[in-house]
Number of protein chains: 2
Amino acid sequence: MRTRAERAGEPETTVGTRERIVRTASRLMQRQGYDGTGIKQISQEAAATLGSVYHFFPGGKQELAVEAIRHGDREFAELLTGMLASAEDPAEAIEAAAHTLAGQLRQSDWVDGCPVTATALGTAARAPDIQRAAAEAFARWRGLVEAKLRAAGFAEGDAGDLAHTVISALEGAELAAQVSRDETPLRLAGAHLAQLIRAVRNTSS
Amino acid sequence: MRTRAERAGEPETTVGTRERIVRTASRLMQRQGYDGTGIKQISQEAAATLGSVYHFFPGGKQELAVEAIRHGDREFAELLTGMLASAEDPAEAIEAAAHTLAGQLRQSDWVDGCPVTATALGTAARAPDIQRAAAEAFARWRGLVEAKLRAAGFAEGDAGDLAHTVISALEGAELAAQVSRDETPLRLAGAHLAQLIRAVRNTSS
């Protein structure tokens with residue numbers, strides 16, 4: 001089981017210790033959540049000493065979780081950028097993105113879900129830094145969808161509003177697919193989001 | 001901060017020990033996740049001895065988590081049934097439901113999100129019983145939305161497919177609202193789901 005960056009072909013050995021710790025924390029927290037992941041496990045799986053983990057992250061697990069979310073944020077933003085570029089029409093591109101996500105989730109045996117949610121959920125009340133990092137990730141992903149819609153001629157308000165629902169629906173469908181071990185929720189969300197985007201275009205034109 | 005059942009006015013004192021343990025576990029896991037919640041905290045907050053927790057749940061925390069999810073499942077099914085009955089038109093009813101969820105989430109200071117996700121997320125790989133209970137909850141909620149759409153004349157296939165996306169989008173929007181401490185994702189999801197339901201109705205008729 002490898003992270004998306006690893007799957008993308010970057011060999012783990014060329015990566016510095018700090019980055020290796022962040023990637024490991026991100027992958028573990030994505031699968032096990034914040035509370036299910038210990039600093040010790042992170043240090044072991046990153047092949048780093050506990051001392052070096054605390055050297056890079058004096059704030060401990062909470063600081064590491066913020067960096068893990070930022071890593072997941074950048075990683076998914078890259079993936080989303082690529083998926084959105086797959087078709088000129090935003091409705092088509094988003095439907096294709098949902099299918100790609102479904103395939104990746106299945107390939108990971110349903111464990112590699114959203115790289116932000118599992119880390120953030122359940123910690124928001126205790127750790128406002130983690131909650132803010134997660135909010136920033138959602139906002140960045142929305143921004144990418146909004147830009148795609150704007151480029152296709154959608155008005156600013158429509159594009160911003162639709163971007164919210166695209167990210168919400170993909171997020172929820174990913175969760176539902178994970179829990180039911182079934183691609184259906186993501187495939188249907190993709191088809192319905194495409195239909196919604198077309199309906200909004202027809203209403204405004 | 002109280003659970004939905006408590007807010008509904010049922011005094012905690014009339015409830016038996018087993019039920020009190022389940023409710024407490026459900027509320028704590030909803031907020032802190034499975035790994036963030038210990039048996040000891042559950043026993044303390046339920047005012048039950050550790051002995052009685054293990055008497056009712058010999059399978060320990062994992063068994064308790066399954067019961068906690070089933071409790072959240074029933075509780076949300078009840079809430080959803082009421083919300084769906086608020087208007088005859090399913091598009092209107094679902095938009096109203098999204099607004100109600102947004103208001104409740106804000107009222108809880110953004111901590112009482114989905115009563116199933118935080119418990120299930122991060123445990124699926126380790127605990128198939130928990131994952132199955134969560135899948136059953138999602139399926140039950142979808143069934144309620146599907147029945148509402150069928151009653152309004154939607155064909156079986158359309159109703160079942162839409163129900164998937166309604167639950168996915170509400171789930172994801174609840175998460176996004178929680179993380180951003182802002183009702184906007186839920187309000188927009190409600191408006192867009194209403195628009196989608198109307199678009200599907202117009203396509204099929």
Do the conditions hold for residue B:47, that is, is it away from every other protein chain (no Cβ under 12 Å), open to solvent by 40 Å² or more (accessible area, probe 1.4 Å) and of a type in the set (A, V, I, L, M, F, W, C)?
yes
Being open to solvent by less than 10 Å² (accessible area, probe 1.4 Å) and either touching a residue at least 24 places away in the same chain (Cβ under 8 Å) or basic (Lys, Arg) (or both) is the filter here; which residues of the stretch B:157-166 pass it?
B:162, B:165, B:166
Looking only at residues in the stretch B:90-102 that are within 14 Å of the chain's Cα centre (by Cα) and touching a residue at least 60 places away in the same chain (Cβ under 8 Å), which one is nearest to residue B:147 (Cα to Cα)?
B:97
So which residues in the stretch A:123-140 are within 7 Å of another protein chain (Cβ to nearest Cβ), open to solvent by 10 Å² or more (accessible area, probe 1.4 Å) and of a type in the set (Gly, Ala, Ser)?
A:124, A:125, A:135
Residue pairs meeting the criteria (Cβ under 9 Å; at least 6 apart or on separate chains; first of a type in the set (Ser, Thr, Tyr), in the stretch A:30-41; second open to solvent by 20 Å² or more (accessible area, probe 1.4 Å)):
A:34/A:61; A:34/A:62; A:34/A:121; A:34/B:35; A:34/B:36; A:37/A:31; A:37/A:61; A:37/B:35
Positions within the stretch B:38-55 being of a type outside the set (Ser, Thr, Tyr), in a helix (DSSP H, G or I) and closer than 14 Å to residue B:24 by Cα, in sequence order
B:39, B:40, B:41, B:42, B:44, B:45, B:50, B:53
Only unsatisfied item for residue B:76, checking (1) closer than 18 Å to residue B:30 by Cα; (2) of a type outside the set (Ser, Thr, Tyr); (3) assigned to a loop (DSSP other than H, G, I, E, B); (4) open to solvent by 10 Å² or more (accessible area, probe 1.4 Å), is (3)
Out of (1) more than 30 Å from residue A:60 (Cβ to Cβ); (2) at pLDDT below 95; (3) more than 9 Å from every other protein chain (Cβ to nearest Cβ), what's the single condition that is false for residue A:108?
(1)
Those residues that are over 13 Å from the mean Cα position of the chain (by Cα), of a type in the set (A, V, I, L, M, F, W, C) and farther than 26 Å from residue A:191 by Cα, I need them from the stretch A:62-89; list them, please.
A:64, A:65, A:66
Answer yes or no: is there a residue in the stretch A:180-193 that is under 17 Å from residue B:169 (Cβ atoms), modelled with pLDDT under 95 and either surrounded by 18 or more Cβ atoms within 10 Å (Cβ to Cβ) or out of contact with any strand residue (DSSP E or B) (no Cβ under 8 Å at 6 or more places or on another chain) (or both).
yes
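The values are calculated or read from the model by the stated rules, or taken from the named source; none is laboratory data. All of these numbers come straight from a predicted model, not from anything done at the bench. Note that we place each Cβ from the backbone using ideal geometry, even for glycine, and neighbour counts take in every protein chain shown. Surface accessibility is based on the protein's heavy atoms, side chains included, excluding ligands, DNA and RNA. Shrake-Rupley method; radii C 1.70, N 1.55, O 1.52, S 1.80 Å.
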